[in-house]
Structure formats: structure tokens, C-alpha cells
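The values are calculated or read from the model by the stated rules, or taken from the named source; none is laboratory data. Fair warning: this is a prediction, and the values are worked out from it, not measured in the lab. Don't worry about glycine lacking a Cβ; one is built from the backbone with ideal geometry, like all the others, and counts go over all protein chains shown. What goes into the accessible areas is simple: the full protein's heavy atoms, side chains included, and nothing from ligands, DNA or RNA. Shrake-Rupley method; radii C 1.70, N 1.55, O 1.52, S 1.80 Å.
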Amino acid sequence: MIRIIHEKVPLRPGASLHCVDQDLKSDFGCPYHRHPEFEVVRIDESSGAIQVGDWTGRFQAGEIYVFGGELPHAFFNDSDTLRARSRYLQFMPDLLSSLAEALPEMRGISDLLHRARRGLRVHGDAGCTVSDCLDAVFATQGIEQMAELFRLMAAIQSSPGSTELASESYSPGHSDQHIVRLDKVLSYIHD
């Protein structure tokens, strides 16, 4: 049976965003996990298999992934990985969904939050724009950081180069058959 780890994201007191540069010697050590926070991840160095909901694929350096809250996901590095580096941003989706309700100009953000419940891979030229926006979030603080977050979300939302990953019918507690199938996939990846 697949065990999904529930991760507790350590937001700093007085901070809405959790910004992390991860640099590990061998692999991400990333179990199949989920958390309520929305997450944007850029893989800076490494390659391997990725599991998002009921979807399995390959990841490589330079790719950007977006995960909605509570969407299970994991990165499994190739066995010859010498170094794993990533940059990721996490925040509670309520931060933006409440603004989308109050401000008509933010309506597109609601669509993005909905699409991200299946996970997204951003690629092509859009990946470069999103990557630059992610770096800008990390380079700023305070109100400037929130402005850069809006710019990042707008870049992801308007990106023609994004692919939804998990199937439309995917639901974390969908059925026992679904869990058994995911268990087989994860066992194969680990072997």
C-alpha cells in the first residue's frame, strides 16, 4: 500500500511565502508526499522519475513544476545522480483565492489554482519567463516580493507551454484500485 507522507511546511512567523534553495549531494530524498500549500518547483540539477497523482514521467534540469495543495508528488533521482539542486516556493492557496474572489482582475488566478490541482509542467519559452519570475520572488522581500509573486502567477497562468499531469479523474482517495496501481508504479520506480 502506498503511504503518502503529509509534509508540514515551516512558514516563518510573519511570512506568507516559504522560499527554499535545495542543494543536496546525491538526491532530493523526496518521499511521495503532499501538503496543503501550493508549490512551484524548478529543477536546477538532476534527472529521474517524477510521480504526480496518478501520472508518472521523467524530469530533468531546467523544468518547472506547479503543484496544487494536497496533490501528492515525488521526485526520484536517477541512481547515478551526484548532485540534486532545486528552487521551490510554497504558500497557502487561500492567499490568492481570497484575492481572486475580491478582485475581478485576479479571476485568471482561480483558473490556475484549479488546473494546478492536477499538477502542471511548464516548458518551452514559457519556462524561461516563469524561471525569471521565480528568481525575482527570491530576490525581493516585503511588498515587492508579493508583487513578484503576482507576476509569477500571471506568467504561469498565461503560459501556453504548460501541461496538466494527473488525469482529470484523479482524486487522492479515489479508490482502492487506484492506490494499488500507484503502489505498483512506485515499486517499479524504486526497483
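Normalised per residue, the accessible area of the chain is 52 Å², obtained with a 1.4 Å probe and no contribution from ligands, DNA or RNA. Taking amide H atoms as placed 1.01 Å from N in the peptide plane, the amide H of SER47 lies under 5 Å from those of ASP78, each 5 or more residues away in sequence or on another chain.
Averaging over all projection directions, the Cα-based convex hull of the chain occupies 10.9 nm² in the image plane.
The charge dipole of the chain, taken about the Cα centre with unit charges on the Cβ atoms of Lys, Arg (+1) and Asp, Glu (-1), comes to about 260 debye, rounded to the nearest 20. Taking every C-alpha pair closer than 8 Å and separated by at least 6 residues, the mean separation divided by the residue count of the chain gives a relative contact order of 24 percent.
Protein heavy-atom surface of the chain, 1.4 angstrom probe: 51% of the accessible area is carbon and sulfur, with nucleic acids and ligands not counted. Among TRP55, PRO13, LEU113, flag the residue with its Cα farthest along the positive direction of the charge dipole of the chain, charges on Cβ as +1 for Lys/Arg and -1 for Asp/Glu. Result: TRP55, furthest along the dipole toward the positive end.
Karplus couplings for the stretch 67-76 from phi (6.51 cos²θ - 1.76 cosθ + 1.60, θ = phi - 60°), rounded to Hz, Gly and Pro as x? So the J values, rounded to whole Hz, are 10, x, x, 6, 7, x, 7, 7, 10, 10. Prolate is the label for the stretch 63-152. Its Cα gyration tensor axes, ordered a ≥ b ≥ c, give a/c of at least 1.5 and a/b above b/c. Compactness of the stretch 26-117 is given as radius of gyration and Dmax, 14.7, 49 Å, from Cα positions. Loop-resident GluC sites (Glu not before Pro) (DSSP state other than H, G, I, E or B) in the stretch 13-105 with no more than 15 further Cβ atoms inside 10 Å of their Cβ: GLU70.
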